[in-house]
């Protein structure tokens, strides 16, 4: 597969704040790439740099292998959906969708344009709203019009900035499921920005985690999930969050928690005495006896999550969360003693967090 | 408590009415004065036989004062000044709202300093210069010097309107396939149109109301109503009714326009410093 | 390609820049003239360097004009601020009377100041003016409004107040309408009195808006011309010869161009300094107000 979008060593500063700090990114032809990060990490700046709306201070942007330096946004052939929607407030929803199709670069005959807009509106469930001025639409409706304005025209790449963030929960779930099935999206390289890890896991062929203007880790959802680069990436994915127990490597080559209450085998080799964190995801802890290593503790609190139950268990002075089927957790009361088990292959070992940076994964 | 409150309310309303009497009585008195016949000018105050003769005299140019021409002159130079300022000022306002660069900041502050500079600093040299260049008492000369009034106003206020407009709208237009010029004309400009209309009218009013420029830089051909109205006070026989009629005729255009742009006045009057 | 991008904003401001230079040129020319003894009687002037300025500062007439200008500006700005804020507070109550009157608040402001002065001149005429007629029942028939030094100054200020009080009122009213409501609700719940609420909440939050108005009014009245020209022509005697009137008399009436411009340059420097101080103060106040909100 060839590279459709490449960012190499992009730096961008606004006055004294650094938005992008040597950002490196490659998106393959036809790929659906999710860029995940907290607000202020540089996600929007990245998209705007690809689109040519921001000029990087250093580094190059390549589209289909061509250096885009000095190429105007309208000549880059990319379409972007803005988080603020950026709909033309003085025009109707229809005219907003028609805007690209009336421009010199993507012009279609009126009849064809009408047909195309009809299809897209149908797809996004906004057919009934087309005649309305966008000022009269709800946020969710505006967001769909903004998405429609991107999908209505052919593009070398789609750049989508939080395109589902303002939809209500139900619609968001539905759109998330449908978005990748849309033909145009399936065929077109898509760079999708979100702060929602669930969205990134659901949609991304690959995911890039961005932090402080750099890409911290790029990978498939499995790689990001099972091999997170550091504790912060590990914490970013999965709810309830990953359990991270602080402790040290014993002289015998095992792990003992800081309070001494938990002992576990080391999932990866580490120097004795090293300060570490052991990570295990709540779904990888089993209630009761099972294969693998066993731990004992007392119930702290339980919370029903639909068909499963989140149980918080006190292990020494630490709390760990686990998710158990409702049946297995039935009847548990606070302070009841419980047994937990974990398979050694589900354990991850991290360096301890430091003030200046989160702890990196040591293994496996 | 409630009785006291209501009493205070009435007092407040009474105070307001008192202020507005102060504000409106002079205008009302002008109307009365302008309707007086000349022979009752000094013998009556509120009861007299009203006549439109004063207006007929003023608009009929019969006192040797070509007031209608002054009126037309005011119209021409004010419209001319506003149009020139718009053509030159809109792009500058847009550029300085979108890109903060050194040249534009310097330009903006130079323009602002015009707003507060004593007019005579510029006019006296112009008085000399215009006579050399043949611009004295001409439309071109007046339109040029009125830029001192209209250009800072238009540039500063339009900059605040453009700054309120998120640049993402134009960015979206660029990605839709439009050039920057098209993005400006099709997206940014239509959205600030009410602002452009309001600021144009306000600039027109200020240009119209200006007195010191035409006083010194015109003598007859390009003289405007503000100077013209004053000339009714000259001469040996005071013609108060004619003065009042001339004054009223010359305030009609700004007053009518002002009432249509009430909503935009706050931003306009404060040079964009206060938005409402 | 990069340089074209960087150049674009400059292309847009070039016309405005040219026009501005067209206005700056006479200004620079004026500055240049002040170094000569240029007048109608001496069209081939000689360089006199700073003699014009020396003459300005050693002339008693200058100090008189400066004093009158300051009295006028401070008096007008102070009365307009107090009256304007009061009117705004009264209008902010939004009674039926207030809503009707608000619509015509701007009328005096849109009348050319020179026309306003003409209107008042007619009304203040001692023998046949309507004001003395209305005062007659109170035993105040024959006030010589513009014919005494103090009366002339006060009358000029009154005209300024008549024209520009709406300016302060409009800005203050906009300020009042934009104040957040929650602090006032909290104060009401706490049972705070009107005066306390006004002094501790309304005034501090309103102050940035009022200050914008004060700055505009103070600096504009420092360079007052139209009103005085039409109302008193600087008289009686020298009593209302503000700086711009003095400059006008010197440069246009007596045609001593260089000397007249020197006056305006001095005035310009004063206005500029006042602006610097006030704008700096405004910045501080606005930041404070932003923090308070």
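A short reminder: the numbers here are calculations on the coordinates, not readings from a lab. What you see is a predicted model; the values in this text were computed from it and never measured. Cβ sites come from the backbone with ideal geometry, for glycine too, and all protein chains shown count toward neighbours.
Couple of notes before you dig in:
- Computed over chain B with a Gaussian network model linking Cα atoms closer than 10 Å, the most mobile of B:25, B:213, B:48 is B:25.
- Nearest-ten-degree value, helix B:102-116 long axis tilted from longest Cα axis of chain B: 10
- Per residue, the convex hull spanned by the alpha carbons of the range B:172-250 comes to 118 Å³.
- Hull volume per residue, based on the alpha-carbon atoms of chain C and their convex hull, is 216 Å³.
- Over 24 Å [Cα-Cα, the range C:67-239], rounded percent: 46
- Order of A:44, A:17, A:296 - criterion: other Cβ atoms within 10 Å of each residue's Cβ, fewest first: A:17, A:296, A:44
- Taking N as the residue count of chain A, its C-alpha radius of gyration divided by 2.2 N^0.38 Å amounts to 1.17.
- Here each label is just a point 7 Å from Cα along the line to Cβ, and for residue B:22 and residue B:260 those points are 3.2 nm apart.
- Take the Cα of residue A:66, step 7 Å toward its Cβ, do the same at residue A:174, and the gap between the two points is 4.0 nm.
- Axis of helix B:67-98 versus longest Cα principal axis of chain B: the two differ by about 20°, to the nearest ten degrees.
- Measuring max minus min along each principal axis, the C-alpha atoms of the range A:108-189 give extents of 37, 31, 18 Å (largest first).
- Here the average projected area of the convex hull drawn through the C-alpha atoms of the range B:129-276 stands at 11.9 nm².
- Length-normalised contact order for chain C - Cα pairs under 8 Å, 6+ apart - percent: 27
- Cα gyration tensor shape for chain B, rounded if a/c is under 1.5, else prolate or oblate: oblate
- Alpha carbon centroid spacing (whole Å) that separates the range A:135-174 from the range B:183-236: 48
- Helix A:93-102 axis, angle to chain A major axis (alpha carbon atoms, nearest 10°): 70
- Overall size of the range A:270-349 from C-alpha positions, given as principal axis extents largest first: 42, 23, 20 Å.
- Shape box of the range A:171-215 [Cα atoms, principal axes, largest first, Å]: 33, 23, 12
- Packing-based exposure ordering (other Cβ within 10 Å, fewest first) of B:143, A:193, C:189: C:189, B:143, A:193
- Using a simple spin-label model with pseudo-atoms 7 Å out from Cα toward Cβ, residue A:317 and residue C:100 lie 7.7 nm apart.
- Rounded Å value of the spacing that divides the Cα centres of the range B:3-41 and the range C:48-73: 41
- Structure-based [θ]222 nm, the protein assembly as shown - -39500 (n - 2.57) summed over DSSP H runs of at least 4, per residue, nearest 500: -17000 deg cm²/dmol
- Choice from C:115, C:261, C:104 with maximal GNM fluctuation in chain C (Cα, 10 Å cutoff): C:104
- If you take the Cα centroid of the range A:258-273 and the Cα centroid of the range A:325-361, the two points sit 14 Å apart.
- If you sort the three axes of the alpha carbon gyration tensor as a ≥ b ≥ c, you get a/c of 1.5 or more for the range B:18-92 and a/b no higher than b/c, which makes it oblate.
- Antiparallel DSSP beta bridges within the range A:3-235, percent to nearest 5: 55
- Length-normalised contact order for chain A - Cα pairs under 8 Å, 6+ apart - percent: 15
- Taking A:122, A:310, A:26 as the candidate residues, the one with maximal mean-square fluctuation in a Gaussian network model of chain A, Cα springs under 10 Å, is A:122.
- For the protein assembly as shown: rounded, prolate or oblate by the Cα gyration tensor [a/c cutoff 1.5]: prolate
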